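Read through the structure below, which is laid out as structure tokens, and then see the notes.
The values are calculated or read from the model by the stated rules, or taken from the named source; none is laboratory data. Values in this document were obtained by computation on a predicted structure and should not be read as measured data. For neighbour counting, all protein chains shown are included, and Cβ atoms are generated from backbone atoms with ideal geometry for every residue, glycine included. Surface areas here come from the heavy atoms of the whole protein model, side chains and all, with no ligands, DNA or RNA. Shrake-Rupley method; radii C 1.70, N 1.55, O 1.52, S 1.80 Å.
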Amino acid sequence: MRIFDPHIHMTSRTTDDYRAMYDAGVRALVEPSFWLGQPRTSVGSFVDYFDGLVGWERFRAAQFGIAHHATIALNPKEANDPRCAGVLDVLPRYLAKDGVVAVGEVGFDSMTPDEEKAFVRQLELAGEHDLPILVHTPHRDKSAGTRRTLELVGVAGLPPERVLVDHLNETTVGLVAGTGCWMGFSIYPDTKMDEHRMMRILADHGTERILVNSAADWGHSDPLKTAKTGAAMRKAGFSEDEVDRVLWRNPMEFYGQSGRLLLGVAAPEATFAGNTIVRGQSSEG
Ligand SMILES: [Zn+2]
């Protein structure tokens, strides 16, 4: 099983996690920028964090044979803090960098006017930089947040195939399924989505435009949830090809639209958007 985790916050994970992920088949991942628990008080804190995502963390992942990519954005929660407003001005510098494969994660936390303003500006930035965009949907009022998200995406005029709406569940998947946007599901150890509920969604909606991630961070989470979802798919009777599509080819195809995946080029095992990947190898490791 080859796995591309399309949403995981490795900055908060250990080298044991990297090792276990590699052993489970993870060969590539995307680390979206987000909040860090403790509120940041200046733009400089974000600059150092973004530099870490495209520098140190990529190097750390490479030591364990995993290709690390990032998405860069002002996250929804800190969009409410006026001290962080200047982050929007430093984003263009990072959105031009190698290995930055989308704007994200953007979207709503509490659905405030300030969140919406930052979200709209970052939808524009995705258009200006010709990048896909990763949209976080709120954990409270998820349906309302998802609906407003889709309205704003429509107003921005971004092609739906360049938009990933993440953290969906049974109540919100139907809102996104017909839009042409990609559908992301975060699989957690308890509450929210789990791998067994995910089987039902895959049975109902198929494997097209569906991404599964662990969204692991410093909270209670499991960086092996992608592999566990693959195992549940096999047990539920999905084919190896369907498992590979959800866990590998779909994230490759979505983030490959950036033209910036950092993957090995030794043999054309699979190719998307000009990027070539070889199982078990990365350009770094
Ligand atoms: Zn996240």
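Between D204 and D89, residue separation times 0.36 nm minus the direct Cα-Cα distance comes to 37.2 nm. Length gained on full extension, K97 to R234, computed as 0.36 nm times the residue gap minus the Cα-Cα distance: 45.6 nm. Counting alpha carbon pairs within less than 8 Å and at least 6 residues apart, what relative contact order, in whole percent, applies to region 132-266? 20 percent. Solvent-accessible area assigned to carbon and sulfur over the chain amounts to 50 percent, based on a 1.4 Å probe. The order of the peptides 221-233, 8-20, 182-194 by mean Cβ neighbours within 10 Å, most packed first, is 221-233, 182-194, 8-20. Hydrodynamic analysis of the chain uses the Kirkwood radius over alpha carbon pairs. Inserted into Stokes-Einstein at 10 °C and 1.306 mPa s, it gives a translational diffusion coefficient of 85 µm²/s. All other residues with a Cβ under 11 Å from the Cβ of A236 taken together, and with Lys, Arg as +1 and Asp, Glu as -1, what is their net charge? The answer is +1. Note on the chain: helix-only mean residue ellipticity at 222 nm, from DSSP H runs of 4+ residues weighted -39500 (n - 2.57) and normalised by residue number, equals -11000 deg cm²/dmol. Across q = 0.15, 0.17, 0.25 Å⁻¹, region 86-158 modelled as identical point scatterers on its alpha-carbon atoms has Debye log10 I(q)/I(0) values of -0.47, -0.60, -1.17, in the order of the q list. Cross-link reach is defined here as a Cα-Cα straight distance under 28 Å, omitting same-chain residues fewer than 8 places apart; for K77 the lysines meeting it are K97, K117, K142, K192, K225.
Here the translational diffusion coefficient of region 183-235 follows from Stokes-Einstein with Rh set to the Kirkwood radius across Cα pairs; for 4 °C and 1.567 mPa s it amounts to 116 µm²/s. Of the residues L131, G99, Y18, the one whose Cα sits farthest toward the positive end of the charge dipole of the chain, with +1 on the Cβ of Lys and Arg and -1 on the Cβ of Asp and Glu, is Y18.
The length gained on full extension between S110 and V47, counted as 0.36 nm times the residue separation minus their Cα-Cα distance, comes to 20.2 nm. Shown is the FRET efficiency for W218 and R121, computed with R0 = 25 Å from the Cβ-Cβ distance and rounded to the nearest 0.05: 0.35.
Within the assembled protein chains, the solvent-accessible surface assigned to L29 is about 0 Å², based on a 1.4 Å probe.
Scattering from region 14-151 was approximated by placing one identical point on each alpha carbon and applying the Debye formula without solvent; log10 I(q)/I(0) at 0.12 1/Å stands at -0.49.
The residues of the chain present an accessible area of 39 Å² per residue when probed at 1.4 Å with all protein chains retained.
Just to verify a number: FRET efficiency for H196 and D241, C-beta to C-beta distance, R0 = 22 Å, to 0.05? With a Förster radius of 22 Å, E is 0.55.
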